Amino acid sequence: MMLMMIENIRINLAIISTIFEKMGSHIYFACKDTCMNILRFGTAGTPISSTSRDSRSGVERVHELGLNCMEVEFVRGVKMGVETAHKLGQAARDNDVALSVHAPYYINLNSREMEKVDASRKRIMDSARIGALFGARGVVFHPAFYHDDPSDTVYGIVKTHLLELAAQLEEEGINVLLRPETTGKGSQFGTLIELLEMSAELDGVIPCYDFSHMHAREAALNSYEEFCGILDKVEDYLGREGLKNMHIHVSGIEYGPKGEKKHLVLEESDMEYHGLVRAWKEYTIRGTVICESPNLEGDALLLQDAYRGL
Ligand SMILES: [Zn+2]
């Protein structure tokens, strides 16, 4: 009898969790930002099919498309005003779209020039400050170049900066995670292991897992088994909790001996995205998947459909 009851509870939980997967977006806001009960899919910036290019229109279009997250791209600078940020946050809540923010591209915490390091720190902080106003959970950035320094030297330098930035965010009451991204070129600091180690050491720092960069950088890591290997590493360093708070980038990618060259449409690339979504499903990861393909929403929907079809 007892066993039957337990089995019934187990089945009911499975049904509820399937409903969460299929349509459970409102649950996210019900449990605020402390937990992510679903895996969300969305675009890097405003979808191409949005009638207007601003982020608020982007959020509305993301929702219309049946997607539920978006990354606000501060590619060339943090220019959004406070009022715009508040309105964007309201639109995100109204449309149940989870937001993240990508800091400007030019960031190098290992620059030889101190003013470039200061400018890099300011770009991360400004992105986080304005991102907090629209409810972003994380700020994504490419942390540094090695130049001629060994990995552990750059690691130490980046760690010092991130430690200080995380402390400053906390001091300002800004609840936005620092998300250094796994990078696509051998010249850039940001292998999976470097960033997982960093995250295990520092509070407030969790990687942005760019699976296409990892693939391009290694000219490998493009099969179901290898994707599972990546998720095993996440669990090794960050525990189950790490798998429940993932922020992911994906696109098709062209690459050479030095790594990433440019982003491609998924179906026009060698990216084994079927194996990728299967690994996500298998490990029941949670969080946000941002599609960075040239056909943003087309591939975001392709990934979401592939994932939900499993
Ligand atoms: Zn990326």
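The values are calculated or read from the model by the stated rules, or taken from the named source; none is laboratory data. Computed from a predicted model, the values in this text were never measured in an experiment. Here the Cβ positions follow ideal geometry from the backbone for every residue, glycine too, while neighbour counts run over all protein chains shown.
Some observations on this one:
- Residue among 106, 146 that alone is under 23 Å from residue 208 (Cα atoms), surrounded by fewer than 18 Cβ atoms within 10 Å (Cβ to Cβ) and in contact with a Ser or Thr (Cβ under 7 Å, 6 or more places away or on another chain): 146
- The stretch 56-103, subset at pLDDT 95 or above and at positive phi, residue nearest to the chain's Cα centre (by Cα): 96
- Selection status of residue 111, modelled with pLDDT of 95 or more, farther than 21 Å from residue 213 by Cα and either in contact with a helix residue (DSSP H, G or I) (Cβ under 9 Å, 6 or more places away or on another chain) or surrounded by fewer than 15 Cβ atoms within 10 Å (Cβ to Cβ) (or both): yes
- Selection status of residue 41, aromatic (Phe, Trp, Tyr) and at pLDDT 95 or above: yes
- Matching residues, the stretch 48-67, being crowded, with 22+ Cβ neighbours inside 10 Å and either part of a helix (DSSP H, G or I) or of a type in the set (S, T, N, Q) (or both): 50, 55, 58, 59, 61, 62
- Residue within the stretch 286-305 that is farther than 20 Å from residue 71 by Cα and either at pLDDT below 95 or away from the ligand (no atom under 16 Å from the Cβ) (or both) present: no
- Which listed residue, of 272, 254, is touching a strand residue (DSSP E or B) at 6+ places or on another chain (Cβ under 9 Å) and either among the hydrophobic types (A, V, I, L, M, F, W, C) or over 23 Å from residue 99 (Cβ atoms) (or both): 254
- For the stretch 153-160, the condition of being within 18 Å of the chain's Cα centre (by Cα), away from the ligand (no atom under 16 Å from the Cβ), in a helix (DSSP H, G or I) and in contact (Cβ under 8 Å) with a residue 40 or more places away in the chain holds for none of the residues.
- Among the conditions (1) touching a residue at least 24 places away in the same chain (Cβ under 8 Å); (2) within 19 Å of residue 108 (Cβ to Cβ), the only one that residue 230 does not satisfy is (2).
- Contacts under 6 angstrom Cβ, first residue in the stretch 243-262 being under 18 Å from residue 69 (Cα atoms), partner near the ligand (Cβ under 10 Å from one of its atoms) and assigned to a loop (DSSP other than H, G, I, E, B), 6 or more apart: 249/292; 251/292
- Single match in 146, 106, 155 (criterion: at pLDDT below 95 and either charged (D, E, K, R) or out of contact with any Pro (no Cβ under 8 Å at 6 or more places or on another chain) (or both)): 106
- Sole exception among (1) closer than 23 Å to residue 37 by Cβ; (2) touching a residue at least 12 places away in the same chain (Cβ under 8 Å); (3) part of a helix (DSSP H, G or I) for residue 90, by number: (2)
- Applying the set (1) among the acidic types (Asp, Glu); (2) surrounded by 18 or more Cβ atoms within 10 Å (Cβ to Cβ); (3) more than 15 Å from residue 182 (Cα to Cα) to residue 260 leaves exactly one unmet item: (3).
- If the condition is being under 17 Å from residue 124 (Cα atoms) and within 16 Å of the ligand (Cβ to nearest atom), then the stretch 190-219 contributes 190, 195, 206, 207, 208.
- Some residue of the stretch 172-189 being more than 16 Å from the ligand (Cβ to nearest atom), on the phi < 0 side of the Ramachandran plot and in a helix (DSSP H, G or I): no
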